[in-house]
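Bear in mind that the values in this text are calculations on the coordinates, not laboratory data. The structure presented is a predicted model; accordingly, all values stated were derived computationally and were not measured. Don't worry about glycine lacking a Cβ; one is built from the backbone with ideal geometry, like all the others, and counts go over all protein chains shown.
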Amino acid sequence: MHDAAPLVFIVDDDVSVRESLEFLIRQQRWQPEVFASADEFLSRPQPFVPSCLILDLSLPGLSGLDLQERIANERTEMPIIFITGQGDIPSTVQAMKAGAVEFLTKPFRNEVLLTAIRQALERSRVALLQDAELQGLRDRYASLSLREQEVMALVVRGLLNKQVAAELGITEFTVKTHRSRIMQKMKAGSLAELVEMAGRLRRTVTSRRSLDLPLD
């Protein structure tokens, strides 16, 4: 991710707009990819480098707003910049409420668009780093045995070793052994850090069954 050039996707059915934006983006040493329709863009595999999408509001088939809705949960790390020749207030409000970072009406100054792209790519870079950190945390948690997960759940709730032992029907020495392994596997430097990790896992879980998180 660090070495790859940022990607700037352009979805616009006007070939002259696509070509002019492609040239502008190449001048900034970003990597442009152009599409004439939303369906063409959707067929492109999801990238894992900083990226953003310059999206025309009015498109054949799926509209820009339709495309925004389709990818809202799949590509959260890719900010959207809307461009339109006939923008209206309701469409602008809808796009911004759905997470668009900018809404520009043609014709717009190049520098205004470039500023929006820079901000969007930085936002994407941060989001990708956060996703990678979270995935690493999930992987470390998945490396715990079931018993270690049970001990961790009780420890982060504030139970003492003897209380955890009584709750699980094991010895206090066994609890201490599990705690030591948990701290090593989770790469936690303190109990407070372990509690913070458990909180991050809770906040991002969408399906407890799929991630096996007995953290309550």
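Net charge near GLN184: determine it from the other residues with C-beta under 14 Å of the C-beta of GLN184, scoring Lys and Arg +1 and Asp and Glu -1.
+4
Fewest to most neighbouring Cβ within 10 Å: what's the order for PHE173, PHE48?
PHE173, PHE48
Could you bin all the Cα-Cα distances of region 91-191 into 5 Å bins starting at 0 and give me the percent of pairs in each, rounded to whole numbers?
2, 11, 15, 13, 10, 6, 6, 7, 8, 8, 7, 5, 2, 1, 0
Would you calculate, for the chain, the mean residue ellipticity at 222 nm contributed by helices, counting each DSSP H stretch of 4 or more residues as -39,500 (n - 2.57) and dividing by all residues, to the nearest 500?
-17000 deg cm²/dmol
Could you work out the longest stretch of the chain that avoids the trypsin sites (Lys or Arg not before Pro) located in DSSP loops with at most 13 other Cβ atoms within 10 Å?
After excluding every exposed loop site, the longest remaining stretch is 30-108.
Give the aspartates and glutamates whose C-alpha is closer than 13 Å to that of LYS106, dropping any in the same chain fewer than 8 places away, or say none.
ASP12, ASP14, ASP56, ASP88
Can you compute the charge dipole magnitude of region 7-129 about its Cα centre, using +1 on each Lys and Arg Cβ and -1 on each Asp and Glu Cβ, nothing else charged? Give it in debye, rounded to the nearest 20.
460
If a/c stays under 1.5 just call it rounded; otherwise compare a/b with b/c (prolate if a/b is bigger, oblate if not). Do that for the chain, with a ≥ b ≥ c from the square roots of the Cα gyration tensor eigenvalues.
Since a/c reaches 1.5 and a/b is larger than b/c, the shape of the chain is classed as prolate.
For region 143-211, rounded, prolate or oblate, judged on the Cα gyration tensor with a ≥ b ≥ c (square roots of eigenvalues), a/c < 1.5 rounded, else prolate if a/b > b/c?
Note, shape of region 143-211 comes out prolate.
Does region 7-129 come out rounded, prolate or oblate, given a ≥ b ≥ c as the square roots of the eigenvalues of its C-alpha gyration tensor, rounded meaning a/c under 1.5 and, failing that, prolate meaning a/b above b/c?
Taking the square roots of the gyration eigenvalues as a ≥ b ≥ c, region 7-129 is rounded.
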